[in-house]
Amino acid sequence: MCGIFAYIGKNGLAQEIVLKGLKSLEYRGYDSWGIAAVKKNGLISLNRKTGKIGKAVLRSGTAANIAIGHTRWATHGGVSVKNAHPHLDCKGHLALIHNGIIENYSEIKIKLIKLGHRFLSDTDSEVAAHLVEEYYAKIGFQQAVIAAFREFKGLNAIIVLDARNKVFAAAKNGSPLIIGKGINENFLASDAHAILPYTRKLYF
């Protein structure tokens, strides 16, 4: 099972907190990992790697108050940086992480390609990023996440980061996702023990 960890706060250490959270989820197994964070200039900083995260350190100088991270077992597409999460939309405004399998991803992908979307990976997960992007142009961020998620068949969980508004939204169906409520900070993770070092206020 892949690992998910997301953070929003005001201390500029979002990437470091997400990295630590992902390291605490190593036991779930994975072959690649990645973190997306929104920098102060509103652009997404994307770090994706194959292999182990245990001794990983992030590039210095990228202060961020919001970040999402993921550890992945290869299902659709092989073990490579391009297939590692997070995945971006065409414009680089959205970043998405995903647990589960989107059983109808191929038909959604065909539809999105016809609409002009460009795919860079071999995963079912990237389809979710582009589908949210497609809806976002019509109905706004939160409703776009809901509308996209309702199209997926199978048991899934997603977190989508919106760099323009510096927020993220999540949706789940069967796949675990836990909210942690802190003081001026919030957390999302696929396992409660990753959040417990920061807060005991958990919502399942």
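The values are calculated or read from the model by the stated rules, or taken from the named source; none is laboratory data. Because the structure is predicted, anything quoted here is derived from the model rather than measured. Virtual Cβ from ideal backbone geometry, glycine too; neighbours counted across all protein chains shown. Areas reflect the complete protein model, heavy atoms only, side chains present, ligands, DNA and RNA absent. Shrake-Rupley method; radii C 1.70, N 1.55, O 1.52, S 1.80 Å.
Mind listing whichever residues of segment 22-57 are among the polar types (S, T, N, Q) and in a strand (DSSP E or B)?
Ser32, Ser45, Asn47, Thr50
Against the definition (farther than 27 Å from Ala137 by Cβ, out of contact with any helix residue (DSSP H, G or I) (no Cβ under 9 Å at 6 or more places or on another chain), open to solvent by 30 Å² or more (accessible area, probe 1.4 Å) and of a type outside the set (Lys, Arg)), how does Val79 come out, yes or no?
In short, yes.
Condition first: open to solvent by 20 Å² or more (accessible area, probe 1.4 Å), within 15 Å of the chain's Cα centre (by Cα) and of a type outside the set (D, E, K, R). Now tell me which residues in segment 147-167 satisfy that.
Phe149, Val167
So which residues in segment 91-116 are in contact with an Asp or Glu (Cβ under 6 Å, 6 or more places away or on another chain) and not aliphatic (A, V, I, L, M)?
Selection gives Tyr105 alone.
Any residue in segment 193-202 that is buried (at least 16 other Cβ atoms within 10 Å of the Cβ), at pLDDT 95 or above and under 18 Å from Pro86 (Cα atoms)?
no
Find all pairs meeting these conditions: Cβ atoms under 6 angstrom apart; at least six residues apart or on different chains; first residue within segment 166-185 and within 14 Å of Lys201 (Cα to Cα) and of a type outside the set (Asp, Glu); second residue open to solvent by 60 Å² or more (accessible area, probe 1.4 Å) and part of a loop (DSSP other than H, G, I, E, B).
Hits for this filter: Ile178/Phe204; Lys181/Lys201; Gly182/Tyr198; Asn184/Lys10.
Could you check Tyr7 against (1) touching a Ser or Thr at 6+ places or on another chain (Cβ under 9 Å); (2) among the hydroxyl-bearing types (Ser, Thr, Tyr); (3) open to solvent by less than 10 Å² (accessible area, probe 1.4 Å) and say which number it fails?
So the condition that Tyr7 fails would be (1).
With the structure loaded, tell me whether Thr62 is in contact with a Ser or Thr (Cβ under 6 Å, 6 or more places away or on another chain), hydroxyl-bearing (Ser, Thr, Tyr) and modelled with pLDDT under 95 or whether it fails that test.
So Thr62 fits the description; yes.
Here is a yes/no grid of residues against (1) closer than 19 Å to Leu161 by Cβ; (2) aromatic (Phe, Trp, Tyr); (3) crowded, with 17+ Cβ neighbours inside 10 Å:
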residue	(1), (2), (3)
Ile68	yes, no, yes
Lys91	yes, no, no
Tyr105	no, yes, yes
Lys111	no, no, no
His117	yes, no, yes
Ser125	yes, no, yes
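Can you find a residue that is of a type outside the set (A, V, I, L, M, F, W, C) and in contact with an Asp or Glu (Cβ under 7 Å, 6 or more places away or on another chain) anywhere in segment 185-197?
No, because not a single residue in segment 185-197 is of a type outside the set (A, V, I, L, M, F, W, C) and in contact with an Asp or Glu (Cβ under 7 Å, 6 or more places away or on another chain).
Could you please find all residues in segment 1-59 being at pLDDT 90 or above, closer than 12 Å to Ala194 by Cβ and not hydroxyl-bearing (Ser, Thr, Tyr)?
Correct list: Gly3, Ile4, Phe5, Ala6, Ile17, Val18, Leu19, Lys20, Gly21, Leu22, Lys23, Leu25.
Give Leu43, Leu13 a once-over and let me know the one that is within 15 Å of Ala163 (Cα to Cα), open to solvent by 30 Å² or more (accessible area, probe 1.4 Å) and over 14 Å from the mean Cα position of the chain (by Cα).
When all the criteria are applied, what remains is Leu43.
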